[in-house]
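Working notes, structure below.
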Amino acid sequence: MLIERTLGTLDDESISRGPAIDWLDLTWLDCARPALHRRTRAGEWLDVNLPPGATLGHRDVLHADASSVIAVNLLPTLVLVAAPSCMDDMGRLAVELAALGVPIEVGGKELIVLPDESTEAALRRRETRFRRDVRRFVPEPSSTVGMVVPPPSADEPTAQEQPVNATV
(Lines give C-alpha, C1' and ligand atoms only; values in the text may rest on other atoms or scores of the structure.)
Protein backbone atom coordinates (compact mmCIF):
# COMPACT_ATOMS: atom_id res chain seq x y z
CA MET A 1 0.00 0.00 0.00
CA LEU A 2 1.39 3.41 -0.97
CA ILE A 3 1.25 6.14 1.70
CA GLU A 4 1.96 9.70 0.50
CA ARG A 5 0.59 11.68 3.46
CA THR A 6 -0.84 11.26 6.92
CA LEU A 7 -4.58 11.58 7.48
CA GLY A 8 -4.29 13.09 10.96
CA THR A 9 -3.84 11.41 14.33
CA LEU A 10 -5.86 8.89 16.29
CA ASP A 11 -6.98 11.80 18.47
CA ASP A 12 -8.77 13.49 15.54
CA GLU A 13 -12.52 12.94 15.66
CA SER A 14 -12.68 13.15 11.86
CA ILE A 15 -10.73 9.90 11.45
CA SER A 16 -13.14 7.07 10.74
CA ARG A 17 -12.38 4.15 12.99
CA GLY A 18 -12.56 0.59 11.81
CA PRO A 19 -12.95 -2.26 14.26
CA ALA A 20 -9.18 -2.61 14.69
CA ILE A 21 -5.99 -0.57 14.70
CA ASP A 22 -3.07 -2.09 12.84
CA TRP A 23 0.11 -0.58 14.27
CA LEU A 24 3.19 0.29 12.26
CA ASP A 25 6.07 0.08 14.76
CA LEU A 26 8.80 2.61 13.91
CA THR A 27 11.97 3.90 15.53
CA TRP A 28 12.61 7.63 15.93
CA LEU A 29 14.97 7.49 12.97
CA ASP A 30 12.35 5.77 10.79
CA CYS A 31 9.91 8.58 11.64
CA ALA A 32 12.41 11.16 10.35
CA ARG A 33 12.81 9.39 6.98
CA PRO A 34 10.65 10.67 4.12
CA ALA A 35 10.55 7.23 2.50
CA LEU A 36 10.53 3.71 3.89
CA HIS A 37 9.18 0.23 3.24
CA ARG A 38 7.83 -1.51 6.37
CA ARG A 39 5.34 -4.15 7.48
CA THR A 40 2.57 -3.48 10.01
CA ARG A 41 1.90 -5.82 12.92
CA ALA A 42 -0.87 -7.46 10.87
CA GLY A 43 1.54 -8.07 7.98
CA GLU A 44 0.46 -5.31 5.57
CA TRP A 45 3.43 -3.91 3.61
CA LEU A 46 3.51 -0.12 3.36
CA ASP A 47 5.57 2.04 1.03
CA VAL A 48 5.76 5.44 2.68
CA ASN A 49 6.78 8.31 0.42
CA LEU A 50 6.13 11.63 2.19
CA PRO A 51 6.60 15.10 0.70
CA PRO A 52 9.87 16.93 1.49
CA GLY A 53 10.04 18.10 5.10
CA ALA A 54 7.21 15.83 6.28
CA THR A 55 7.83 13.36 9.10
CA LEU A 56 5.82 10.72 10.92
CA GLY A 57 4.82 10.91 14.57
CA HIS A 58 3.34 8.68 17.24
CA ARG A 59 -0.35 7.93 16.56
CA ASP A 60 -0.28 9.40 13.02
CA VAL A 61 -2.95 7.72 10.88
CA LEU A 62 -1.67 6.43 7.56
CA HIS A 63 -4.82 4.67 6.33
CA ALA A 64 -8.42 4.49 7.49
CA ASP A 65 -11.43 2.68 6.09
CA ALA A 66 -14.45 0.80 7.40
CA SER A 67 -12.43 -2.31 8.23
CA SER A 68 -9.20 -0.96 9.72
CA VAL A 69 -6.99 1.93 10.66
CA ILE A 70 -3.21 1.88 10.23
CA ALA A 71 -1.38 4.12 12.68
CA VAL A 72 2.21 4.78 13.73
CA ASN A 73 3.55 3.46 17.03
CA LEU A 74 6.80 5.26 17.86
CA LEU A 75 8.85 2.68 19.75
CA PRO A 76 10.37 3.78 23.05
CA THR A 77 14.16 3.61 23.19
CA LEU A 78 16.90 4.10 25.75
CA VAL A 79 17.73 7.80 26.22
CA LEU A 80 19.68 10.07 28.55
CA VAL A 81 17.62 12.74 30.28
CA ALA A 82 19.81 15.69 31.27
CA ALA A 83 18.66 18.28 33.79
CA PRO A 84 20.93 21.33 33.60
CA SER A 85 20.88 23.55 36.70
CA CYS A 86 19.85 26.74 34.84
CA MET A 87 18.83 27.97 31.40
CA ASP A 88 22.36 29.25 30.66
CA ASP A 89 23.78 25.76 31.27
CA MET A 90 20.99 24.24 29.19
CA GLY A 91 21.79 26.52 26.25
CA ARG A 92 25.52 25.88 26.44
CA LEU A 93 24.97 22.12 26.69
CA ALA A 94 22.58 22.18 23.71
CA VAL A 95 25.15 24.05 21.62
CA GLU A 96 27.92 21.61 22.58
CA LEU A 97 25.76 18.56 21.82
CA ALA A 98 24.66 20.09 18.51
CA ALA A 99 28.32 20.60 17.59
CA LEU A 100 28.81 16.87 18.19
CA GLY A 101 25.96 16.14 15.76
CA VAL A 102 23.76 14.71 18.51
CA PRO A 103 19.98 14.68 17.89
CA ILE A 104 18.34 16.56 20.79
CA GLU A 105 14.83 16.62 22.18
CA VAL A 106 13.95 19.61 24.36
CA GLY A 107 11.44 18.74 27.04
CA GLY A 108 10.65 21.51 29.50
CA LYS A 109 13.76 21.90 31.61
CA GLU A 110 15.37 18.75 30.23
CA LEU A 111 17.45 17.79 27.22
CA ILE A 112 16.86 14.26 25.99
CA VAL A 113 19.56 12.58 23.89
CA LEU A 114 20.60 9.12 22.79
CA PRO A 115 23.28 7.52 24.96
CA ASP A 116 26.82 7.30 23.65
CA GLU A 117 30.31 7.90 25.02
CA SER A 118 30.82 11.42 23.65
CA THR A 119 27.42 12.60 24.90
CA GLU A 120 27.99 11.16 28.38
CA ALA A 121 31.48 12.70 28.45
CA ALA A 122 30.03 16.13 27.64
CA LEU A 123 27.42 15.77 30.40
CA ARG A 124 30.05 14.74 32.95
CA ARG A 125 32.47 17.49 31.90
CA ARG A 126 29.73 20.07 32.46
CA GLU A 127 28.71 18.34 35.72
CA THR A 128 25.14 18.05 34.45
CA ARG A 129 22.83 15.64 36.26
CA PHE A 130 21.42 12.97 33.94
CA ARG A 131 19.66 9.65 34.14
CA ARG A 132 18.85 6.82 31.77
CA ASP A 133 15.23 6.32 30.80
CA VAL A 134 13.17 4.48 28.22
CA ARG A 135 10.76 6.70 26.32
CA ARG A 136 9.63 7.78 22.90
CA PHE A 137 12.39 9.98 21.43
CA VAL A 138 11.25 12.92 19.29
CA PRO A 139 14.29 15.06 18.47
CA GLU A 140 13.99 18.65 17.31
CA PRO A 141 13.92 18.57 13.50
CA SER A 142 16.77 21.10 13.32
CA SER A 143 19.00 18.73 15.31
CA THR A 144 18.65 16.00 12.68
CA VAL A 145 19.30 18.16 9.61
CA GLY A 146 22.26 16.84 7.68
CA MET A 147 22.27 13.43 9.34
CA VAL A 148 23.48 10.95 6.75
CA VAL A 149 22.21 7.52 7.68
CA PRO A 150 21.94 4.69 5.18
CA PRO A 151 18.43 3.25 5.11
CA PRO A 152 18.17 -0.04 7.00
CA SER A 153 16.61 -3.08 5.42
CA ALA A 154 12.89 -3.51 6.04
CA ASP A 155 13.24 -6.21 8.69
CA GLU A 156 16.35 -5.09 10.60
CA PRO A 157 16.56 -2.55 13.44
CA THR A 158 19.06 0.22 12.92
CA ALA A 159 22.51 -0.30 14.39
CA GLN A 160 22.32 3.11 16.04
CA GLU A 161 19.52 2.21 18.42
CA GLN A 162 17.90 -0.68 20.18
CA PRO A 163 14.13 -0.19 20.40
CA VAL A 164 12.41 -1.50 23.48
CA ASN A 165 9.19 -3.48 23.08
CA ALA A 166 6.30 -1.52 24.44
CA THR A 167 2.56 -1.65 24.31
CA VAL A 168 0.80 1.36 22.93
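The values are calculated or read from the model by the stated rules, or taken from the named source; none is laboratory data. If you're wondering where the values come from, they're calculated on a predicted model, not measured in any experiment. Virtual Cβ from ideal backbone geometry, glycine too; neighbours counted across all protein chains shown.
Things to note:
- Among residues of the range 116-136, those that are within 23 Å of THR27 (Cα to Cα), loosely packed, with under 15 Cβ neighbours inside 10 Å and not acidic (Asp, Glu), counted: 4
- Residue in the range 8-24 that is closer than 26 Å to PRO115 by Cα and surrounded by 20 or more Cβ atoms within 10 Å (Cβ to Cβ) present: yes
- Cβ-Cβ distances below 7 Å connect the following pairs, each with a first residue in the range 20-38 that is touching a residue at least 24 places away in the same chain (Cβ under 8 Å), a second residue that is assigned to a helix (DSSP H, G or I) and buried (at least 20 other Cβ atoms within 10 Å of the Cβ), and a separation of six or more residues or different chains: LEU36/ASP30.
- Residues (in a strand (DSSP E or B) and of a type outside the set (Asp, Glu)) located in the range 99-124: ILE104, VAL106, GLY107, LEU111, ILE112, VAL113
- Residues that are of a type in the set (D, E, K, R) and either touching a strand residue (DSSP E or B) at 6+ places or on another chain (Cβ under 9 Å) or part of a loop (DSSP other than H, G, I, E, B) (or both), drawn from the range 61-96: ASP65
- Put simply, of VAL164, VAL134, VAL138, VAL148 the only residue that is at pLDDT 90 or above, of a type in the set (A, V, I, L, M) and in a loop (DSSP other than H, G, I, E, B) is VAL138.
- Answer residue from the range 50-83, given it is closer than 26 Å to PHE130 by Cα and of a type outside the set (A, V, I, L, M, F, W, C) and is surrounded by the fewest Cβ atoms within 10 Å (Cβ to Cβ) among those: GLY57
- Of the residues making up the range 84-96, those that are exposed (fewer than 15 other Cβ atoms within 10 Å of the Cβ) and more than 19 Å from SER142 (Cβ to Cβ) are SER85, CYS86, ASP88.
- Test result for ALA99, touching a strand residue (DSSP E or B) at 6+ places or on another chain (Cβ under 8 Å) and either surrounded by fewer than 20 Cβ atoms within 10 Å (Cβ to Cβ) or in contact (Cβ under 8 Å) with a residue 12 or more places away in the chain (or both): no
- Filter result for GLY43 (at pLDDT 95 or above, more than 18 Å from the chain's Cα centre (by Cα) and not in a strand (DSSP E or B)): yes
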